[in-house]
1. Taking H as built 1.01 Å from N, whose amide H comes closer than 5 Å to the amide H of residue 61, not counting residues under 5 places away?
2. Among 256-266, 168-178, what's the highest-first ranking by average C-beta atoms within 10 angstrom per residue?
3. Residue by residue through the stretch 263-269, what is 3J(HN,Hα) from phi via Karplus (6.51 cos²θ - 1.76 cosθ + 1.60, θ = phi - 60°)? Round to whole Hz and write x for glycine and proline.
4. Ordered by residue, what ³J(HN,Hα) values in Hz, to whole numbers, does the stretch 163-173 give under the Karplus form 6.51 cos²θ - 1.76 cosθ + 1.60, where θ = phi - 60° and Gly and Pro are x?
5. Please go through the residue pairs 56/113; 171/243; 54/149; 50/139; 69/151; 177/212 and name each one whose alpha carbons sit more than 29 Å apart in this structure.
6. Pairwise over distinct Cα atoms, reciprocal of the mean inverse distance: report the Kirkwood radius of the chain in Å, one decimal place.
7. Where the centre of each part is set by its Cα atoms, how far does the stretch 146-187 sit from the stretch 27-66, in angstrom?
8. DSSP beta bridges in the chain, what fraction antiparallel, as a percent rounded to 5?
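The values are calculated or read from the model by the stated rules, or taken from the named source; none is laboratory data. Just so it is clear, the structure is predicted and the values come from calculations on it, not from any experiment. Using ideal geometry, Cβ is built from the backbone for each residue, glycine included, and neighbour counts are taken over all protein chains shown. Keep in mind that these areas ignore ligands, DNA and RNA; they rest on the heavy atoms of the full protein, side chains included. Shrake-Rupley method; radii C 1.70, N 1.55, O 1.52, S 1.80 Å.
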Amino acid sequence: MKKSLSILLILLSFTIKAQEIESEKNTFNTIIGKIDRRDLNCSSEIERAKIDFKSKETFYYIQPEGYLKIGANRHHPFLIELLKKRGIDFVVSPEVEMQNVWYENNGELHQVKTNCYYKASNELLNLKYGSHFIKNIEKTADSLYVISKLKEVFTYPDEVDAYYIIYPKAKEFLDQKNQILKDFFENFKFPNGFIQSLDERDFLAKTSFIIKRDAKITDLNIEIEFKNSENQKFYDYIVSQLKRFIENANWKAAVSSGVTVDCRFKINFYN
C-alpha cells in the first residue's frame, strides 16, 4: 500500500512539473509581468486598459490576497487627494485578487491572472510618472496620515513600521519580549518572606505604558496577579521593581511610515 502511494505521489510530482514546464513555454512578457498566451481574457484586458488610459487616468486599489494588516488602508483619504491633484481618479477594484487560478481548456490546464485590467492601469501610471510612482505616492500619503495623528498614541506593533524594534538590546524583533524579561529578572530579587512555588510561576504582572517620541515613559499601568494569595502583601514591592526597570530601560521611540510617534507597548512579566 505504501509503495503504491509513493508511486502515485512520484507520478503526480512529474505531472505537475511537466505542466509547469509547458506553462512556462506558453508565457510572454506584458506590462504586468508574464502571462500565459492562452489567457486571452487577460491579454484583451491589458489592451483595453491601454486604450482607456489615453482618455482617463485611474489608480485602482487591489486588495491583496490573504491577511491584511490592521490599518493597511488608513492612508487612502490622503492618497485620493494626492492623486486628484494630478487628475488621477481613485477606484477600488471590484475583482477578487487570487494568485493561483487555473483554467482548463481541451483537457489542458493553464494559469490565468486576475485584475489584469486594473493592474495594467496602475502600471501605465508608473510608466508615465516614474517606475516607482505608485509606491512612492502611497508612502507619501501614509506619512501624511501619520503626521496628522501625531497627538495620538499608536499601538505597537500593529500601527508602526513592520518589525520595528523598540528595545535595542534585542537582536531580533521577535526576541524583544524575551530579552526584556531576561534583563528584568537578572536584577530582581524576591523579598524576604515571599512564598515561591515549585513551577516558577509565582506572579503575573500585566504592564502597559507609552513610549514617547523622546523615548521617555509615561502612563505606566501595572496589574499583578499572585499564584499564592499570601504574597499579595508584596504587591507594592514588585510594582516598584517593575516601575524602576521600565522607566530606566533603554527604549527606542517607534516609527510609523518614517515618522517618529508615541506608541503604547504591552508586556507581561512572569518568572
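1. Amide H to amide H, under 5 Å and 5 or more residues apart or across chains, residue 61 pairs with 91, 92, 93.
2. Listed from highest to lowest mean packing, they are 256-266, 168-178.
3. Each residue of the stretch 263-269 in turn: 9, 9, 10, 10, 8, 9, 9 Hz.
4. 6, 6, 9, 9, 10, x, 5, 7, 7, 10, 4
5. Where the Cα-Cα span goes over 29 Å, the pairs concerned are 54/149.
6. 23.8 Å
7. 40 Å
8. 80 percent
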